[in-house]
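K.L.:
I'd like to ask some things about the structure below.
The values are calculated or read from the model by the stated rules, or taken from the named source; none is laboratory data. It should be emphasised that the depicted structure is a prediction, and the values quoted were computed from it without experimental measurement. Quick reminder, even Gly has a Cβ in these numbers, built from the backbone with ideal geometry, and neighbours come from all protein chains shown.
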Amino acid sequence: MLQLSEEIRNAKTIGIGGHIRPDGDCVGSCMALYLYLKKCMPSDAEIAVYFEKPSDIFNTIKDISEIRTEAEEGKQFDLFFVLDCEGSRLGFAEKLFRQAKKKINIDHHISSNGCGDLNYVDANASSTSELVYDLLEKEWIDEEIAKALYIGIIHDTGVFQYSNTSPKTLRIAADLVSYGFDFSALIEKTFYEKTYLQNQIMGRALLESIMFLDGRCIVSCLDRKVMQFYNVTAADLDGIVSHLRNIRDVECAIFMYETDILEYKVSMRSTDKVDVARIASFFGGGGHKKAAGCTMSGTFHDVVNNLSVHIEKQLNEEEN
Ligand code: 5GP
Ligand code: MN
């Protein structure tokens with residue numbers, strides 16, 4: 001296994017990057033590693049963390065205001081960590097990763113092949129936060145680091161509901177809550193609580209959803225005009241796709257929103273019967289077996305037709 005203390009020992013500058021449209025696991029794992037390195041590295045070491053400005057719900061994480069949302073020109077880090085994604089999903093921070101002297105990739109996506117010189121990639125882990133926890137020397141963990149990791153784990157496991165939750169995940173969570181933060185409030189504030197507008201847009205998406213393949217699939221789509229009407233951005237749409245998936249008899253749910261003319265960001269959720277990571281990867285995206293995404297071109301109907309061919313094939317294979 002990767003020995004973190006060995007790798008950071010001789011680095012004077014360390015960068016950390018997370019993926020575009022950062023989710024809870026991305027934010028939690030990056031910030032936990034950032035807080036940890038700031039604590040255990042000598043004071044003259046430069047530690048920097050890069051990802052897009054996340055949702056305000058993550059403001060409870062210590063030093064979140066220190067994230068860098070732009071990459072410095074020509075900067076070369078001694079060591080660069082790529083968390084919760086591959087190098088190609090880093091967005092603006094990708095050039096920092098490419099230029100770094102040494103790269104370490106920590107990820108749990110089944111579609112991830114390991115883009116670093118060193119890789120700690122395990123598709124069986126619930127979250128990247130769980131993998132970061134594995135690597136930290138426990139005597140340096142404090143309440144703020146524990147809280148960031150806990151946020152990452154609850155977001156990627158749907159508060160320990162999804163099948164990626166293992167006994168190990170729960171043991172780690174038990175250790176993390178022993179640091180004393182208010183985990184109950186954290187779950188409420190960062191996972192369940194939604195604004196009125198977020199609830200309204202969710203209602204609209206559910207209302208306009210369409211079943212197909214004999215009710216085994218469901219799709220809903222929001223175009224930019226509707227998003228503008230409700231004054232919401234992509235970050236306000238979290239949770240819609242899992243609501244669609246929760247409908248009885250649905251094996252695969254698709255939620256998509258318009259990102260550009262004839263371009264959609266697609267999120268998929270499934271049961272055991274459909275491997276959505278395979279479908280998303282086919283269309284240039286990735287993810288996990290039961291939760292994956294990609295960006296697709298064409299009209300709404302083009303996208304649904306293209307996806308449904310793959311879904312139907314898998315459902316038929318499953319039956320035969
Ligand atoms: P979500 O549907 O919540 O955006 O993403 C579900 C899972 O699929 C997450 O683990 C996310 O990282 C992954 N994912 C979503 N969109 C993409 C994409 O465009 N490319 C890749 N490689 N993974 C994605
Ligand atoms: Mn993740």
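K.L.:
Being surrounded by fewer than 22 Cβ atoms within 10 Å (Cβ to Cβ) and in contact (Cβ under 8 Å) with a residue 60 or more places away in the chain is the filter here, so list the residues in the range 27-57 that pass it.
P.N.:
If the condition is that a residue be surrounded by fewer than 22 Cβ atoms within 10 Å (Cβ to Cβ) and in contact (Cβ under 8 Å) with a residue 60 or more places away in the chain, then K39, C40, S55, I57 are the ones that fit.
K.L.:
Which residues, taken from the range 1-15, are over 30 Å from V159 (Cβ atoms) and outside any loop (DSSP other than H, G, I, E, B)?
P.N.:
The first filter runs over the range 1-15 and keeps only residues over 30 Å from V159 (Cβ atoms), leaving 3, 5-15.
Selection gives S5, E6, E7, I8, R9, T13, I14, G15.
K.L.:
Which one is surrounded by the fewest Cβ atoms within 10 Å (Cβ to Cβ), of the residues in the range 1-26 that are under 17 Å from A71 (Cα atoms) and hydrophobic (A, V, I, L, M, F, W, C)? Walk me through how you get there before you give the answer.
P.N.:
Step one: list which residues in the range 1-26 are under 17 Å from A71 (Cα atoms), which gives 13-22.
Among the residues that remain, those that are also hydrophobic (A, V, I, L, M, F, W, C) are: 14, 16, 20.
Working: I14: 25, I16: 28, I20: 14.
Residue satisfying both the conditions and the ranking: I20.
K.L.:
Can you tell me which residue is nearest to ligand 1 (Cβ to nearest atom) among those in the range 99-115 that are farther than 17 Å from T13 by Cα and of a type in the set (G, A, S)?
P.N.:
The qualifying residue nearest to ligand 1 (Cβ to nearest atom) is S111.
K.L.:
Collect the residues in the range 161-195 that are in contact with a helix residue (DSSP H, G or I) (Cβ under 6 Å, 6 or more places away or on another chain), among the hydroxyl-bearing types (S, T, Y) and not in a helix (DSSP H, G or I), keeping them in residue-number order.
P.N.:
T165, Y179
K.L.:
Which of the numbered conditions does A205 fail, given that it passes all the others? Conditions: (1) of a type in the set (G, A, S); (2) more than 22 Å from the chain's Cα centre (by Cα); (3) within 19 Å of A291 (Cα to Cα).
P.N.:
Every condition holds for A205 apart from (2).
K.L.:
Exactly one condition in (1) buried (at least 17 other Cβ atoms within 10 Å of the Cβ); (2) farther than 25 Å from D25 by Cβ; (3) of a type in the set (A, V, I, L, M, F, W, C) is false for A292; which is it?
P.N.:
In the conditions (1) buried (at least 17 other Cβ atoms within 10 Å of the Cβ); (2) farther than 25 Å from D25 by Cβ; (3) of a type in the set (A, V, I, L, M, F, W, C), A292 misses (2) alone.
K.L.:
Let me ask another. Of the conditions (1) surrounded by fewer than 20 Cβ atoms within 10 Å (Cβ to Cβ); (2) within 22 Å of D275 (Cβ to Cβ), D223 satisfies every one except a single condition; which number is it?
P.N.:
With (1) surrounded by fewer than 20 Cβ atoms within 10 Å (Cβ to Cβ); (2) within 22 Å of D275 (Cβ to Cβ) applied to D223, the lone miss is (2).
K.L.:
Kindly indicate whether S281 is touching a helix residue (DSSP H, G or I) at 6+ places or on another chain (Cβ under 7 Å), under 29 Å from N320 (Cβ atoms) and of a type in the set (S, T, N, Q).
P.N.:
no
K.L.:
Still on this structure, I have one more. With of a type outside the set (G, A, S), outside any helix (DSSP H, G or I) and over 24 Å from the mean Cα position of the chain (by Cα) as the only criterion, which of D249, D302, D272 stands out?
P.N.:
D249
K.L.:
I need the full set of residues from the range 242-278 which are without any contact (Cβ under 8 Å) to a residue 12 or more places away in the chain and buried (at least 24 other Cβ atoms within 10 Å of the Cβ), in order please.
P.N.:
none
K.L.:
Sticking with this structure for a sec: Considering only the range 148-166, state which residues are buried (at least 24 other Cβ atoms within 10 Å of the Cβ), among the small types (G, A, S) and within 15 Å of ligand 1 (Cβ to nearest atom).
P.N.:
G152
K.L.:
Hey, another quick one. Counting only residues that are surrounded by fewer than 20 Cβ atoms within 10 Å (Cβ to Cβ) and either outside any helix (DSSP H, G or I) or more than 9 Å from ligand 1 (Cβ to nearest atom) (or both), how many does the range 279-289 have?
P.N.:
4
K.L.:
Kindly establish whether I106 is out of contact with any Gly (no Cβ under 7 Å at 6 or more places or on another chain), in contact (Cβ under 8 Å) with a residue 60 or more places away in the chain and either aliphatic (A, V, I, L, M) or over 30 Å from F282 (Cα atoms) (or both).
P.N.:
Details: out of contact with any Gly (no Cβ under 7 Å at 6 or more places or on another chain): yes; in contact (Cβ under 8 Å) with a residue 60 or more places away in the chain: yes; either aliphatic (A, V, I, L, M) or over 30 Å from F282 (Cα atoms) (or both): yes.
So I106 fits the description; yes.
K.L.:
Condition first: touching a helix residue (DSSP H, G or I) at 6+ places or on another chain (Cβ under 8 Å) and modelled with pLDDT of 95 or more. Now tell me which residues in the range 238-258 satisfy that.
P.N.:
Of everything in the range 238-258, those that are touching a helix residue (DSSP H, G or I) at 6+ places or on another chain (Cβ under 8 Å) and modelled with pLDDT of 95 or more turn out to be I240, H243, L244, V250, E251, C252, A253, I254, F255, M256, Y257, E258.
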